[in-house]
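Student: Before anything else, here's the structure in question.
Where a number appears in this text, it was derived from the coordinates with a stated rule and is not lab data. Quantities reported herein were computed from a predicted structural model and do not represent experimental measurements. In this analysis, Cβ positions are derived from the backbone assuming ideal geometry, glycine residues included, and neighbour counts consider all displayed protein chains.
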């Protein structure tokens, strides 16, 4: 029977610590500020942005939202980002994804100043992560590493299998785990005999967006299981990528959905904003 990794509780502790740091910065005349740019009216993105705004308010970080029409040209998006780069009152810039398909998100990420790139997607920061240098790390992988640290789960020499290779989670997580001296296997839609890889893993991290994809027969007894997925079932309930009820009885540690990785993602975004004030 697994110990539950309580991301909600840990995220609250991190936010409380960030409140103190935020007040200390204000005492020095620095007012932390996050600018979020959203293109279009994606409903899920609207919810995520509202959640970020609420947490900013809780910690004491100023929040500035830039809503752009879904039909804007690339140059307009770039101009907005460049203006924010030059604004000394803005410490962190976040481009909410997804953005409309006609826009080049990679050019947008390149445009955001590395010093204000609190999402960790500018190629400069991605490169620094690969070199194990101090930088802004993508928030979900960063949150997962913080959970390992909080629960004293040492990655040194461990076999870590990551299911999913997205630019947002899978790829930066590979490097985060390597930097902690893990042996990392990456599985994806083209992987043959996925079960063989997951059964050999000391730690399985699922980030593919398929409800209850990871079943108990796919992991070995005592494995640590991290569920990044957030899926909505037909009855409206949130489920992860892991068959939680059955895997729970076999794993040593497991994250729930909701209340696991999700709260940590926003907490680490706020951590990056505070860091950007003195970075």
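Student: Going residue by residue through region 53-60, is there one that turns out to be more than 17 Å from the chain's Cα centre (by Cα), in contact (Cβ under 8 Å) with a residue 60 or more places away in the chain and under 16 Å from residue 272 (Cα atoms)?
Tutor: yes
Student: Considering only residues of region 96-119 that are touching a strand residue (DSSP E or B) at 6+ places or on another chain (Cβ under 8 Å) and farther than 28 Å from residue 30 by Cβ, which is surrounded by the fewest Cβ atoms within 10 Å (Cβ to Cβ)?
Tutor: Selected residue: 100.
Student: Something else: Do we have residue 93 as part of a loop (DSSP other than H, G, I, E, B), free of Cβ contacts under 8 Å to residues at least 60 places away in the same chain and either in contact with a strand residue (DSSP E or B) (Cβ under 8 Å, 6 or more places away or on another chain) or under 30 Å from residue 17 (Cα atoms) (or both) here?
Tutor: For residue 93, the condition - part of a loop (DSSP other than H, G, I, E, B), free of Cβ contacts under 8 Å to residues at least 60 places away in the same chain and either in contact with a strand residue (DSSP E or B) (Cβ under 8 Å, 6 or more places away or on another chain) or under 30 Å from residue 17 (Cα atoms) (or both) - is not met.
Student: Of everything in region 172-190 that's out of contact with any strand residue (DSSP E or B) (no Cβ under 7 Å at 6 or more places or on another chain) and touching a residue at least 24 places away in the same chain (Cβ under 8 Å), which residue is nearest to residue 209 (Cα to Cα)?
Tutor: Once the filter is applied, the top-ranked residue is 188.
Student: Here's another thing I want to ask about it. Within region 18-50, can you find the residues that are farther than 19 Å from residue 91 by Cα and either surrounded by 14 or more Cβ atoms within 10 Å (Cβ to Cβ) or touching a strand residue (DSSP E or B) at 6+ places or on another chain (Cβ under 9 Å) (or both)?
Tutor: Of everything in region 18-50, those that are farther than 19 Å from residue 91 by Cα and either surrounded by 14 or more Cβ atoms within 10 Å (Cβ to Cβ) or touching a strand residue (DSSP E or B) at 6+ places or on another chain (Cβ under 9 Å) (or both) turn out to be 39, 40, 41, 42, 45, 46, 48.
Student: When the residues of region 248-257 are narrowed to those that are over 16 Å from residue 151 (Cβ atoms) and in contact (Cβ under 8 Å) with a residue 60 or more places away in the chain, which ends up surrounded by the fewest Cβ atoms within 10 Å (Cβ to Cβ)?
Tutor: Checked region 248-257; the qualifying residue surrounded by the fewest Cβ atoms within 10 Å (Cβ to Cβ) is 249.
Student: With respect to residue 9, determine if the residue is free of Cβ contacts under 8 Å to residues at least 60 places away in the same chain, surrounded by fewer than 15 Cβ atoms within 10 Å (Cβ to Cβ), in contact with a helix residue (DSSP H, G or I) (Cβ under 9 Å, 6 or more places away or on another chain) and assigned to a loop (DSSP other than H, G, I, E, B).
Tutor: In short, no.
Student: Working carefully through the options 128, 146, find the one that is closer than 26 Å to residue 33 by Cβ, in contact (Cβ under 8 Å) with a residue 40 or more places away in the chain and either out of contact with any helix residue (DSSP H, G or I) (no Cβ under 9 Å at 6 or more places or on another chain) or surrounded by fewer than 23 Cβ atoms within 10 Å (Cβ to Cβ) (or both).
Tutor: Exactly one residue qualifies, and that residue is 146.
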